[in-house]
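Scroll down for the structure; my scribbles are underneath it.
Rule-based calculations on the coordinates, nothing more; no lab input. The shown structure was predicted, so the numbers you read here are calculated from the model rather than taken from an experiment. Heads up, the Cβs are rebuilt from the backbone with ideal geometry, glycines too, and the neighbour counts pull from every protein chain shown.
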Amino acid sequence: MKERQHIKINRKTARVSPYFQKDETQTVESETKAEIDLQGVPDLMADDLSVLFVGINPGLTSAAKGHHYAGPTNHFWPCLSDSGLVDRKVTFLDDADMPALFRLGFTNLTARTTRRQSDLSLTEQKEGIPVLNHKFETLRPRVACFVGKGIFEIYSGRKCRTMGLQPKEHNVKWLSQNDGGETVMFVMPSTSGIVSAYQRPARLNVIV
C-alpha cells in the first residue's frame with residue numbers, strides 16, 4: 001500500500017472520530033501515519049463456532065491494541081457481557097479466549113486498518129466477500145453475526161430491512177457437509193460510538 005503524505009489540517013477544519021483526541025493538527029498527522037503503519041487485527045476463529053462476528057474493518061485503536069472492538073466508546077463488549085452468550089463480564093482483552101471458552105469468533109470483511117469506514121472504497125470492501133464466504137464454508141460457524149446493517153448490505157448486495165435473522169436465501173452452505181449444514185446470517189446494529197441511531201439498550205435488544 002502506498003504511503004500517504006501527512007496533511008496538516010487546522011483545528012477549525014479537522015474532524016476526528018470521538019474514539020480519539022479532538023481536532024488537533026498533530027493528532028490528525030499521527031493518525032494518518034498510524035493508518036499506514038498498523039497491520040490490522042488478526043482473525044480469531046475456530047471450526048464449528050456458535051457465532052462468528054463480522055465487522056467492517058479494524059479502526060486505529062483496535063489495530064494499535066491488537067484487539068477487536070477496542071475503541072473506548074464502542075459498545076460491543078458491554079453488550080456481549082449482557083447478552084447471555086457469555087457467563088461473565090468480558091472486555092476486548094478477552095477476545096482471544098472467546099473461541100475456546102464460548103465458541104465465539106471474530107473477523108472483518110476488510111483487513112486493512114483505517115480511521116473511518118468511509119476511507120474504504122466500495123470496491124475494496126466487496127473484494128472481501130469471497131474470502132468471507134470461504135470462512136463460512138470451511139469453518140462452519142452456525143451464525144454469522146454482522147455488526148452493522150451497512151456491512152450486511154455490502155455483503156448481500158441488498159437492502160437490509162430488519163435486524164436479526166436474515167432470509168434463508170442468504171445462508172452459506174458448508175463444503176464438508178452432505179447433510180445440508182449451513183451458516184445463517186444475523187444482523188445487529190453497529191456498536192460504534194459514532195453511530196447514534198441505536199443506543200446500547202436497543203443494540204442489546206437485537207442480540208438477545
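Here are some notes:
- Sorting the segments 87-96, 73-82 by their residues' average number of neighbouring beta-carbon atoms within 10 angstrom, most packed first, yields 73-82, 87-96.
- Table column - 3J(HN,Hα) (Hz), region 149-158, Karplus curve with 6.51, -1.76, 1.60, x for Gly and Pro: 5, x, 5, 5, 5, 5, 5, 8, x, 9
- Less than 5 angstrom separates the built amide H of Leu52 from those of Gly105, Val143, Ala144, Cys145, all sequence-distant by 5 or more or on a different chain.
- Extension gain, Asp48 to Val143, is 33.2 nm, computed as 0.36 nm per intervening residue step minus the present C-alpha separation.
- Summarising the amide proton neighbourhood of Ala46: residues at separation of 5 or more, or on other chains, whose placed amide H is nearer than 5 Å comprise an empty set.
- Label-point separation, Val131 to Ser83 (7 Å along Cα→Cβ), nm: 2.3 nm
- Sorted peptide list for 52-64, 144-156, criterion being average Cβ within 10 angstrom, highest first: 52-64, 144-156
- Using bins of 10 Å that start at zero, the share of Cα-Cα pairs per bin across region 33-188 amounts to 11, 41, 38, 10, 1, in whole %.
- The 3J(HN,Hα) values that the Karplus relation (6.51, -1.76, 1.60; θ = phi - 60°) gives for region 132-148 are, in residue order, 5, 4, 5, 5, 5, 5, 9, 8, 6, x, 6, 10, 9, 9, 7, 8, x Hz. Gly and Pro appear as x.
- Shape call, region 39-90: gyration tensor on alpha carbons, a/c limit 1.5: oblate
- Fraction of beta bridges assigned by DSSP in region 51-207 that are antiparallel (%, nearest 5): 20 percent
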